[in-house]
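Here's the structure we're looking at; comments come further down.
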Amino acid sequence: MSEAHILPIIFVAIMGLAILVYSLLDGYDLGVGILFPLSQQREQNRDTMIASIGPFWDANETWLVMAVGTILIAFPKAHSVILFELYIPATIMLLGLIMRGVAFDFRAKAAVDFKLLWDRLFKLGSIVTALSQGYMLGKYVTGFQAGLIAELFSLASALGVTAAYACIGATWLIMKTEGELQKRSTYWARVTLNIMFLGIAFVCAVNIWLNPQVFSRWFDFPLAMFVLLIPLICLLLFIAANYLLRYYPLDQDRLNYLPFLLVCGIFLLSFVGLAFSYFPHIIPGQMTIWQSASDTASLKFLLYGAVVVIPVIIAYTAFSYIIFRGKASELKYY
Amino acid sequence: MLDTLDLSRIQFAANISFHILFPTINIALGWILFYFKLRHDISKKPVWMRSYRFWVKIFSLTFALGVVSGITMSFQFGTNWPGFMETVGNIAGPLLGYEVLTAFFLEATFLGIMLFGINRVSSTVHTLSTFIVALGTTLSAFWILALNSWMHTPAGFEIRDGVVYATNWWDIIFNPSFPYRLIHMLLASGLTAAFFISGISAYRIRKGDPKIAPRAALKTGVSLAAVLIPLQIYVGDLHGLDTLKNQPAKIAAIEAVWETEKSTPLILFAIPDEERRTNFFDVSIPGMASLILTHDIKGEIKGLNEFETHPPVKPLFFGFRIMVGLGMCMLIFSWASMVLLIRGRPLPNLLLRGLEIMTFSGWIATLAGWYVTEVGRQPWLVTGILRTADAVTSVPSNHVGITLAAYLLTYSLLLVAYIHTLRVIAKRSITVEEFETLPPKFAEEYHTNLDSRGLTK
């Protein structure tokens, strides 16, 4: 197999990794923002919730730059088409990201009178970001078709993604908080888990119904016997999470990380499912990775660096998570 | 009615202008924080830790604004300038890719340790994290300036079927204008941060802050400015000479020289008129432009009329003079303050006031300089390869109009909030001690506040 064939596959894998890691990591910190309680007496809760994502959010958002960057760099033609189609929702998402990113810092430093205002903006920005990402996912999956069904599908996807982020955020909080806030987080996790389940089931069903190609990919024998394990395991994870969450938090806070891991598993399988539905198309039904790839020499030049640097990035990211392990209430700003 | 091209250009200019404000402060502020932390680690004097703690707050706020506006930048290429990546993506892609890989993750991750980790890691690891964050911001500047410089003076490539392919990465990265532009920008960052620190410290002192920390920071800022400004003037001159060689039309527009002539005068002030192709109300020094640009008073400078296309004259002419004028002010303020500090005198109120006014002078000078160089590349997006007009998106103009309005509104609000918050932080620090959040075991040894060891009179 030639380099021109292999390199786009490697880069689409890097892109997939970036998108998956982004959805997990920024997913939980967006989720914390979506769940942000705004009433007066919840200020303590808000401070703890912010402390739980404080050391991480910045690096988490960098995975979005990496994901968009990989499409921009490795698949420039696809990048142009995607962002042309998503011009307005992408801008709305960016404004949401701006709002929440700065609110985060301003709330701690601005005059006290403005703290609640920044908290509101933080929640609003997180919700706007999550909704527009879900909407864009819906548009992308339908190949940017216009029309009522595609719009409704995209809106459903927007709600599904927002619920999914809220769910992973709630399980993150189960891990990072204690006492009353932890109990509340458990409740949030149970509610959002069910909405997320409906969202994923709906997207799967519509997708198979609308796209005969996707249908045949999933239901052709003999491959179907293996690939159908993906939705099956996903379903089992849902049932397990749903069951376990009834008993949380456990005595002495045992296994407080387990719901988070289960939801990560659901994210991973959903992502693999999506990727499997469309590969090697980078825009469903329109363009393959090879049609949109950059020049081989440029990809190779970048690959040398990526091979060295990505493991280093993963290593120091892990280092940072180890440093900041444990409950967020112990975290002090500065 | 503005079309998609004009609106996209304004939107890109608004985005990049807003974005660059924050890295310009933080590239150098990161190194200054590292210096504060290192001084503290070596001398164990609490004043350095207090300086660190005050400035790290501002660093983190500035960083947040830089990050969110930077994410917006990474989308602009695709949303508004698809032709850019389609034509030169093989060059621009890897350079941007290396910026993400080597700089963004590094600074973002270690920033977390720098801000939140002080009680969780050893002091050495914390100092090291500060160093890595500073290094990350500088690496980021390295890659993005390599790409920007390549757009001005492309090298190391070939064109096949209208698409650019890389032939030599060394030549691409170290293209002719890169070394000058990189050093010019890093020095600009140093000066911006130096006046930023001096200005806010001067504000605190003038408002009656009795502590040593703002005086230590003021001295650091002023000394840094006093050292960097002559270097900047020298490097700026080299950068100009390089531009004369590679982009002569830009220099002709900066100097508003219409006809090729020998012994070209240096125009201090004028109103250039592009339609009548002449200058009005000019005040000039004979032969000076030739002397500066060719190092020969009789040297010849090519006039604008000789170029087939040239950039618009007014923005370059005035932008350049704003930048140089502010540079001169920086020279005066930093050296005047330096002389007094060396003699051990406290700065008089008037000078403190002046430094306060100069707080954001670096921003204005940096923006003016960037407008000169970027507008000076027009009508090209990549000199000789791609015209700006050919790279723009086909998104309808009303869509771009809406997003532009939304960005402008957001950015204006954020800028107001940022400056307001700086004021709040500075005011609060006058009465509140910096080390309040230190763990108790540190707080005890640091109990004296008005200790007069070291820095100030």
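The values are calculated or read from the model by the stated rules, or taken from the named source; none is laboratory data. What you are looking at is a predicted structure, and each value in this text was computed from that prediction instead of being measured. With ideal geometry, Cβ positions are generated from the backbone for all residues, glycine too; neighbour counts draw on all protein chains shown. Quick note on the areas: whole protein, heavy atoms, side chains included, nothing else; ligands and nucleic acids left out. Shrake-Rupley method; radii C 1.70, N 1.55, O 1.52, S 1.80 Å.
Placing a pseudo-label 7 Å from each Cα along the Cα-to-Cβ vector at B:ARG428 and A:LEU255 gives an inter-label distance of 4.3 nm.
Length gained on full extension, B:ASN119 to B:ALA14: 33.8 nm, using 0.36 nm per residue less the C-alpha separation. Residues of segment B:95-140 whose accessible area (probe 1.4 Å, heavy atoms of protein chains only) drops by at least 30 Å² once all protein chains are present, relative to their chain alone: B:TYR98, B:VAL100, B:LEU101, B:PHE104, B:PHE105, B:ALA108, B:THR109, B:PHE110, B:ILE113, B:LEU115, B:PHE116, B:ARG120.
When the alpha-carbon atoms of segment B:159-306 are used, the pair Rg, Dmax equals 21.3, 68 angstrom.
With a 1.4 Å probe and every protein chain kept in, tell me what percent of the accessible surface of segment B:269-314 is carbon plus sulfur. Let's see the in-between values first.
Details: 1640 of 2950 Å².
The C+S portion of the solvent-accessible surface of segment B:269-314 is 56 percent.
Helices in chain A that qualify as membrane-span-like (whole DSSP H runs, Cα extent of at least 20 Å along the helix axis, mean Kyte-Doolittle hydropathy of 0.0 or higher) are A:3-35, A:57-74, A:87-109, A:115-141, A:148-176, A:179-210, A:229-245, A:258-278, A:296-323. With the charge dipole of chain A set up from +1 on Lys and Arg Cβ and -1 on Asp and Glu Cβ about the Cα centre, the Cα lying farthest toward the positive end among the listed residues A:GLY305, A:VAL32, A:ASN45 is that of A:ASN45.
Taking amide H atoms as placed 1.01 Å from N in the peptide plane, the amide H of B:THR153 lies under 5 Å from those of B:SER177, each 5 or more residues away in sequence or on another chain. Decide, for segment B:69-189, between rounded, prolate and oblate: order the square roots of the alpha carbon gyration tensor eigenvalues as a ≥ b ≥ c, take rounded if a/c falls under 1.5, and otherwise choose prolate if a/b is larger than b/c, else oblate. Judged from the Cα gyration tensor, segment B:69-189 comes out prolate (a/c at least 1.5, a/b above b/c). Panel note: contact residues of segment B:384-417 (accessible area lowered by at least 40 Å² against the chain on its own; 1.4 Å probe) correspond to B:VAL395, B:THR403, B:TYR407, B:LEU414.
Taking the 1.4 Å solvent-accessible surface of chain A as the whole, the part contributed by carbon and sulfur is 72%.
An oblate overall shape is assigned to the protein assembly as shown, the ratio a/c of its alpha-carbon gyration tensor axes (a ≥ b ≥ c) being 1.5 or greater and a/b not exceeding b/c.
For the set B:LYS302, A:LYS109, B:LYS245, solvent exposure ranked by accessible area (probe 1.4 Å, protein chains only) runs largest to smallest as B:LYS245, B:LYS302, A:LYS109.
When you look at the Cβ of every residue in B:61-72, what mean number of other chain Cβ atoms sits within 10 Å? Before the final figure, lay out the partial values.
Details: counts 7, 1, 2, 10, 5, 1, 11, 14, 4, 3, 10, 7.
Mean shielding by partner chains, rounded to a whole number: 6.
When the surface is traced with a 1.4 Å probe over the full set of protein chains, A:LEU155 keeps roughly 90 Å² accessible. Counting every pair of alpha carbons in segment B:133-181, the share spaced more than 11 Å apart comes to 66 percent.
With every protein chain present, what is the per residue accessible area of segment A:231-334 (1.4 Å probe, Å²)? Write down the numbers at each step before the final one.
Details: 5220 Å² over 104 residues.
Counting only protein heavy atoms, the per-residue value for segment A:231-334 is 50 Å².
Of all lysines in the structure, the ones whose alpha carbon falls short of 19 Å from that of B:LYS302, not counting any fewer than 8 places away in one chain, are B:LYS245, B:LYS250, B:LYS262, B:LYS314.
Probing with 1.4 Å while keeping every protein chain in the model, the per residue accessible area of segment A:1-110 equals 26 Å².
Counting only Cα atoms, segment B:146-209 measures 67, 19, 14 Å along its principal axes, largest extent leading. Averaging the sequence gap over all C-alpha pairs within less than 8 Å and six or more residues apart, then dividing by the number of residues, gives chain B a relative contact order of 20 percent. Compute the label zone of A:HIS5 within segment A:245-286: residues whose backbone N is under 19 Å from the point 7 Å along Cα-to-Cβ. Within reach of a label on A:HIS5: A:279-282. In this label model, A:ILE208 and B:TYR234 are separated by 7.3 nm, measuring between points 7 Å along each Cα→Cβ vector.
Starting from the Cα of A:LEU223, step 7 Å along the direction of its Cβ; do the same at B:ASP390; then give the gap between the two resulting points in nm. According to this spin-label approximation, the distance is 4.2 nm. Given the options B:TRP169, B:ILE27, B:ILE385, identify the residue whose Cα lies farthest towards the positive end of the charge dipole of the protein assembly as shown (+1 on Cβ of Lys, Arg; -1 on Cβ of Asp, Glu). The Cα lying farthest towards the positive end belongs to B:ILE27. Of all the options A:VAL128, A:VAL191, A:VAL263, the one that moves most in a Gaussian network model of chain A with Cα springs shorter than 10 angstrom is A:VAL191. Amide H contacts for B:GLU261 (H built 1.01 Å from N in the peptide plane; partners 5 or more residues away or on another chain; cut-off under 5 Å): B:ILE301, B:GLY303. Accessible surface for segment B:210-346, divided over its residues, is 50 Å² per residue with a 1.4 Å probe. Contact residues in segment A:18-61 by the 10 Å² criterion (accessible area, 1.4 Å probe, full protein complex versus chain alone): A:GLY54, A:PRO55, A:TRP57, A:ASP58, A:ALA59, A:GLU61. When the C-alpha to C-alpha distance is required to be over 21 Å, the pairs from A:LYS77/A:LYS300; A:LYS109/B:LYS219; B:LYS57/B:LYS427; A:LYS139/A:LYS300; B:LYS45/B:LYS211; B:LYS37/B:LYS207 that qualify are A:LYS109/B:LYS219; A:LYS139/A:LYS300; B:LYS37/B:LYS207.
When each full DSSP H helix of chain B is screened for a Cα extent of at least 15 Å along its own axis and an average Kyte-Doolittle hydropathy of at least 0.0, the helices passing are B:4-43, B:46-80, B:82-99, B:105-116, B:123-152, B:178-206, B:213-246, B:313-342, B:361-375, B:397-431.
Summing both sides, how much accessible area is buried between A and B? Use a 1.4 Å probe and give Å² to the nearest 100.
Roughly 6000 Å².
Starting from the Cα gyration tensor of segment A:220-320, take the square roots of the eigenvalues, sort them a ≥ b ≥ c, and report rounded, prolate or oblate (rounded when a/c is under 1.5, otherwise prolate if a/b is larger than b/c, else oblate).
On the way: a/c = 3.71, a/b = 1.42, b/c = 2.61.
In terms of gyration-tensor shape, oblate.
One compactness figure for chain B is 1.05, namely its Cα radius of gyration divided by 2.2 N^0.38 Å.
Quick note on segment A:77-170: its Rg to Rh ratio, both from C-alpha atoms and Rh being the Kirkwood radius, is 1.08. Straight-line reach from A:LYS115: taking Cα to Cα under 14 Å and skipping same-chain neighbours fewer than 8 places apart, the aspartates and glutamates in range are A:GLU43, A:ASP47, A:ASP105.
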